[in-house]
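Enquirer: Sharing a structure below in structure tokens format, with a few things to ask.
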Amino acid sequence: MPIESVNDFVVRFANVNGSGSASANELFARSVLRMGVPVSPRNIFPSNIQGLPTWYEVRVTEADHLGARGGVDLMVAMNPQTWDKDVASIEPGGYLFYDSTKPMPPSRFRADITVIGMPLTEICNREYSDPRQRQLFKNIIYVGALSALLNMDVNEIEKLIGEQFKSKEKLIAPNIHALHLGRDFALQNLKCPIGLQVRRADKVGDRIFIEGNSASALGAVYGGATVCAWYPITPSSSLAEAFSRHCARLRVDPETKENRFAIVQAEDEIAAVGMVIGAGWNGARAFTATSGPGISLMQEFLGLAYFAEIPSVIIDVQRGGPSTGMPTRTQQSDLLLCAYASHGDTKHVMLFPEDPAEAFDFTALSFDLAERLQTPIFVMLDLDIGMNHRLSRPLAWDDARRYDRGKVMTAAELEAGKDFGRYLDVDNDGIPFRTYPGTHPTRGSFFTRGTSRDRYARYTEEGGPYVDNMQRLLKKFETAKGLVPRPVRRNADKPGRFGIIYYGSTSPAMDEAHDMLIAQGIALDLLRVRGFPFHHDVAEFAGAHDAVFVVEQNRDAQLRTLLVNELNLDPAKILPVLQFDGTPITARFIARAIGDHLDSRKVVPLHKVVS
Amino acid sequence: MTYIVKPRFHHPALPKNALGYTHRDYEGSVSTLCAGCGHDSISAAIIQACFELNIEPHRVAKLSGIGCSSKTPTYFLGQSHGFNSVHGRMPSVMTGANLANRELIYLGVSGDGDTASIGLGQFAHLIRRGVNMTYIVENNGVYGLTKGQFSATADRGSKSKRGAINADSSIDLVAMALQLGATFVGRSFSGDKKQLVPLIMAAIEHKGAAFLDVISPCVAFNNHPGSTKSFDHVREHNEAVNRLDFISGRSPIAVDYEPGAVEIVEQHDGSKIALRKLDGDYDVHDRRGATNFLLERAAAGEIVTGLLYVEPDGEELHDNLKTVKKPLNTLGERELCPGSGALDKFNASLR
Ligand SMILES: Cc1ncc(C[n+]2csc(CCOP(=O)(O)OP(=O)(O)O)c2C)c(N)n1
Ligand code: SF4
Ligand SMILES: [Mg+2]
């Protein structure tokens, strides 16, 4: 039976990298959005520019399930190289759309799917003589065909094309022509619509469609970052590039045309973080964006920033490790690397945004935290959030908000005779005062070093002052618990014995899995962790349950390790739920893993008790 | 060993500079280096240069890496902020600091290990970016702090204190700085205060990346026969291309060298360097010529010292980045935060 579904299916486009398909596929996704139906698209791309396979997956989801679902209902198979795998991945009853210009033997198809052939190449060759045009318009032609097959509102697509080429008006008419070429062919020659349909709804609201990296970069602009130093690495490069674009738009002095920012493409990540530390030491808000291999290189400097107490922001857009690992796939596998970065006893603050809106909020916040706590702050993004467009609540900024520049002693305070000890814990929160270089002619200067020193920043190798300082750093970390974003808790209707802890990009899949579990009669309490060190609420949550599942996207259960280690929890009660194959975690996986586990514990679901 | 504060005793008769500061005001805490270490002489020259330039000490930011040489910023300019960063990576910290506040005077002090071995990459990029600062390498050809291993500037064939012969080619940081586009390049010797002080003064006043390689014998590990960085060796093989005098833009010019042998180089801020040429053919504005000359003299076993190259109106990193004149670290919400209106517009463009 062919799948019948309105506003709830997955379309996957299989393309060749560099064939210009990306913008056509995005046009398709946006058109669904314009019909008021939420979508969640994902790029699956190789670490290569041209010639290798790429996939673009669009989950059409009126129910607002923005996590990856798994499985494909409609495959748009445009890459002969991956044909067999693509055909095999279609759900039973699903649909295959392909270019039928060259005949294919029946053995290459499946009997349990609906096959829709359209001679795309032939149509293009007939219509266009320029090979580049043939390639580019082929993509728009299949979007036109899909609009007919899925019963979409073609006006919305036309409007989007108009907006896209607002500044290159000459391109509008040919694109619309190609769109209709495909649509008309489909309407005349194919059975339209198929069982999958997009029907106008009202479920998008005022949400925006944005990549996490762009949102995070804008958060850095709003958060007052003036220095950005970076070294290109997937999936973080587009963050620094977005910062450049946002700054060019928002940070150029209107009169002098001079820049209120400095962006340096460093020679490597060691230099990038060194520049951030130099700028932070000198009172500017500075950040770097990188991924796991970059953090590995930064280790020595991160220890310096921790020990010498220099505000710095490191945005880690995580990818599959270890080593070069899976450079274009997503993971949450840098938690331990960042939490305890560098040699000696260190602990670092981390923030875990769940989507672009939080990527914006937390990045802006990270600069306040870095200066308040005078330490590195890690913003833990990942490829899934960073490099995919995600439907997200609009970005918001309170104009009354002021930057928290932390404890900085001014020239006036020094002049008035206020005691300045760079590492003196004056407020019993572990946070000392600092001064910017050049503040006062005779007071407040000090020597910054990674070597041990006393409370007045004087070099010492004595054990006492060293221990005193290390203990103060712990106290400061304690203070951080109250400053990082609090966890978000959602309780089941009735108090239960089990809870789930999750974080970051797992959010949408977790939400959906939660619904699936409830439908099975399993109701669990949820806690989304948003910061490290863990807020007191986290320990409280763990203590209130017999067992807690920790859902994450790495092999070694890294957040679980931190929970057990930092909160002294009984490991037997903290149960890992792990997906780490590089694809974004799915609700199906989470629900099955937790369901199976509860079965094995012979937990009788609620509905079974009732019936 | 911990920290020794110098007694703050001001003799009323101590000479004062135009700002009313005495020499003492430019000193730091007492050096803990070996007695006779060349690095201490360089610290003294830095103190002298800053005193004579009438620099307000707190307007200097002094940065270093790790090594005996990198410890020296503690021993001069006690009223300046200092930053002893990590081994070989001071250049990046320097770059970031400079980006944050373009108004301070930046002074980087490093060793030959710190710069030519572990830090060669960062050094190269610092210079090629044209960061406005003075970078001094206190070059002893060894790792002093880790007890005498060869560094990358040790000459091929030179002998370590333990008798080992260095078989590797040496890196000439002056040649590198020239090739990488430094706009001020000089070399001197820690034992030659007369040459060194004006060179440091001119380097500090120079706008752009100023590099000084200062040969600085390590009395503990590199001052024996067979070492090419020993006091004796350097004295015997020193080939100075010029003697210079430095005249700050702020002080009246009084040069009394014989005309013909003297060239006045005016820097961007009006300060002037008076060069008394020892070799009539040497042209301080010829980057290629300087490189050739260095190679030629090195082949003859000579160490060329003096001001080797200067481009008085060089560009620096802030020019290239077109940053605002106001230091970035003084900008606040008003200048940095575009506000909710701009954000609403941005949101609207994403629907
Ligand atoms: C990452 C790292 N590796 C090694 C060291 C050990 N170390 C300290 S100083 C130094 C060499 C310093 O040589 P140089 O820069 O020439 O300074 P000098 O002591 O000769 O003045 C080394 C290898 C270190 N501090 N950090
Ligand atoms: S070991 Fe050498 S470089 Fe270090 S302080 Fe002693 S003399 Fe100077
Ligand atoms: Mg050395």
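Enquirer: Does B:Arg59 qualify as being surrounded by fewer than 20 Cβ atoms within 10 Å (Cβ to Cβ) and either over 18 Å from the mean Cα position of the chain (by Cα) or away from ligand 2 (no atom under 16 Å from the Cβ) (or both)?
Expert: Yes, satisfied.
Enquirer: Across region B:180-207, what is the total count of residues that are within 16 Å of ligand 2 (Cβ to nearest atom) and either in a helix (DSSP H, G or I) or within 14 Å of the chain's Cα centre (by Cα) (or both)?
Expert: 2
Enquirer: A further question on this structure: Scan region B:130-157 for residues that are under 12 Å from the mean Cα position of the chain (by Cα) and either within 12 Å of ligand 3 (Cβ to nearest atom) or part of a helix (DSSP H, G or I) (or both) and jot them down.
Expert: If the condition is that a residue be under 12 Å from the mean Cα position of the chain (by Cα) and either within 12 Å of ligand 3 (Cβ to nearest atom) or part of a helix (DSSP H, G or I) (or both), then B:Val137, B:Glu138, B:Asn139 are the ones that fit.
Enquirer: For A:Thr460, are the conditions met, namely being within 24 Å of B:Glu27 (Cβ to Cβ), facing chain B (nearest Cβ under 7 Å) and in contact with a His (Cβ under 8 Å, 6 or more places away or on another chain)?
Expert: no
Enquirer: Shifting gears a bit: Only one residue in B:Lys147, B:Lys161, B:Lys229, B:Lys193 is under 21 Å from B:Gly108 (Cβ atoms) and either surrounded by fewer than 23 Cβ atoms within 10 Å (Cβ to Cβ) or free of Cβ contacts under 8 Å to residues at least 12 places away in the same chain (or both). Which one?
Expert: B:Lys193
Enquirer: Let me ask something additional. Got a sec? Which of B:Ile171, B:Ile215 is under 21 Å from the mean Cα position of the chain (by Cα), farther than 30 Å from B:Gly270 by Cβ and buried (at least 24 other Cβ atoms within 10 Å of the Cβ)?
Expert: Result of the check over B:Ile171, B:Ile215: B:Ile215.
Enquirer: Turning to a different aspect of this structure: Criterion first (of a type in the set (S, T, N, Q) and either at pLDDT below 95 or surrounded by 24 or more Cβ atoms within 10 Å (Cβ to Cβ) (or both)) does A:Thr363 satisfy it?
Expert: Here the answer is yes, as A:Thr363 does meet what is asked.
Enquirer: Which one of these is modelled with pLDDT of 95 or more, under 14 Å from the mean Cα position of the chain (by Cα), surrounded by fewer than 23 Cβ atoms within 10 Å (Cβ to Cβ) and within 12 Å of chain A (Cβ to nearest Cβ): B:Ile105, B:Ile127?
Expert: The unique qualifying residue is B:Ile105.
Enquirer: Is it the case that A:Gly325 is without any contact (Cβ under 8 Å) to a residue 40 or more places away in the chain and within 10 Å of another protein chain (Cβ to nearest Cβ)?
Expert: Answer is no for this residue.
Enquirer: Follow-up. Taking the stated definitions as given, is B:Tyr106 hydroxyl-bearing (Ser, Thr, Tyr), in contact with a helix residue (DSSP H, G or I) (Cβ under 7 Å, 6 or more places away or on another chain) and more than 10 Å from ligand 3 (Cβ to nearest atom)?
Expert: yes
Enquirer: Something else about it: Tell me which residues, restricted to region A:225-250, are surrounded by fewer than 22 Cβ atoms within 10 Å (Cβ to Cβ) and either hydroxyl-bearing (Ser, Thr, Tyr) or in a loop (DSSP other than H, G, I, E, B) (or both).
Expert: Listed by number, the residues that qualify are A:Pro232, A:Ile233, A:Thr234, A:Ser237, A:Ser238, A:Ser244.
Enquirer: Next question. For region B:90-115, which residues satisfy the criterion of being within 16 Å of ligand 2 (Cβ to nearest atom) and not charged (D, E, K, R)?
Expert: B:Val109, B:Ser110, B:Gly111, B:Gly113, B:Thr115
Enquirer: Could you list, in sequence order, the residues of region B:117-129 that are out of contact with any His (no Cβ under 7 Å at 6 or more places or on another chain) and within 12 Å of ligand 3 (Cβ to nearest atom)?
Expert: If the condition is that a residue be out of contact with any His (no Cβ under 7 Å at 6 or more places or on another chain) and within 12 Å of ligand 3 (Cβ to nearest atom), then B:Ser117, B:Gly119 are the ones that fit.
Enquirer: Now a separate question. Taking the residues in region A:109-146 that are basic (Lys, Arg) and modelled with pLDDT of 95 or more as candidates, determine which candidate is surrounded by the fewest Cβ atoms within 10 Å (Cβ to Cβ).
Expert: A:Arg126
Enquirer: Would region A:463-472 turn up any residue that is under 23 Å from A:Gln558 (Cβ atoms), surrounded by 15 or more Cβ atoms within 10 Å (Cβ to Cβ) and touching a residue at least 40 places away in the same chain (Cβ under 8 Å)?
Expert: Checking region A:463-472: not a single residue is under 23 Å from A:Gln558 (Cβ atoms), surrounded by 15 or more Cβ atoms within 10 Å (Cβ to Cβ) and touching a residue at least 40 places away in the same chain (Cβ under 8 Å).
Enquirer: Is there a residue in region B:233-244 that is without any contact (Cβ under 8 Å) to a residue 24 or more places away in the chain and either within 16 Å of ligand 3 (Cβ to nearest atom) or buried (at least 20 other Cβ atoms within 10 Å of the Cβ) (or both)?
Expert: Yes, the conditions are met somewhere in region B:233-244.
Enquirer: Something else now. What number of residues in region B:292-349 are surrounded by fewer than 14 Cβ atoms within 10 Å (Cβ to Cβ), of a type in the set (A, V, I, L, M) and either free of Cβ contacts under 8 Å to residues at least 40 places away in the same chain or at the interface with another protein chain (Cβ under 8 Å from one of its Cβ atoms) (or both)?
Expert: Of the residues in that region, 3 qualify.
Enquirer: I need the full set of residues from region B:83-100 which are assigned to a helix (DSSP H, G or I) and at the interface with another protein chain (Cβ under 7 Å from one of its Cβ atoms), in order please.
Expert: B:Ser92, B:Val93, B:Met94, B:Thr95, B:Gly96, B:Ala97, B:Leu99, B:Ala100 - these are the residues of region B:83-100 that are assigned to a helix (DSSP H, G or I) and at the interface with another protein chain (Cβ under 7 Å from one of its Cβ atoms).
Enquirer: If you don't mind, there's one more thing I want to ask. Taking B:Asp114 and the conditions (1) touching a His at 6+ places or on another chain (Cβ under 9 Å); (2) more than 9 Å from ligand 3 (Cβ to nearest atom), which numbered condition does it fall short on, given that it satisfies the others?
Expert: Tallying (1) touching a His at 6+ places or on another chain (Cβ under 9 Å); (2) more than 9 Å from ligand 3 (Cβ to nearest atom), B:Asp114 fails exactly one: (2).
Enquirer: Please specify each residue of region B:62-89 satisfying the condition of being more than 16 Å from ligand 2 (Cβ to nearest atom) and not aromatic (Phe, Trp, Tyr).
Expert: B:Lys62, B:Leu63, B:Leu77, B:Gly78, B:Gln79, B:Ser80, B:His81, B:Gly82, B:Ser85, B:Val86, B:Gly88, B:Arg89
Enquirer: Do we have B:Ala177 as assigned to a helix (DSSP H, G or I), out of contact with any helix residue (DSSP H, G or I) (no Cβ under 8 Å at 6 or more places or on another chain), surrounded by 24 or more Cβ atoms within 10 Å (Cβ to Cβ) and not basic (Lys, Arg) here?
Expert: It is false that B:Ala177 is assigned to a helix (DSSP H, G or I), out of contact with any helix residue (DSSP H, G or I) (no Cβ under 8 Å at 6 or more places or on another chain), surrounded by 24 or more Cβ atoms within 10 Å (Cβ to Cβ) and not basic (Lys, Arg).
Yes or no, residue by residue, for (1) under 16 Å from A:Ser237 (Cβ atoms); (2) acidic (Asp, Glu); (3) at the interface with chain B (Cβ under 10 Å from one of its Cβ atoms):
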site: A:Gly283; (1), (2), (3): no, no, yes
site: A:Gly292; (1), (2), (3): yes, no, no
site: A:Leu302; (1), (2), (3): no, no, no
site: A:Ile314; (1), (2), (3): yes, no, no
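Enquirer: Name the single residue, out of those in region B:33-82 being facing another protein chain (nearest Cβ under 9 Å) and polar (S, T, N, Q), that is farthest from ligand 3 (Cβ to nearest atom).
Expert: Only one residue tops the list, namely B:Gln79.
The values are calculated or read from the model by the stated rules, or taken from the named source; none is laboratory data. Everything quoted here is computed from the prediction, not taken from an experiment. All Cβ positions, even for glycine, are placed from backbone atoms using ideal geometry, and neighbour counts span all protein chains on display.
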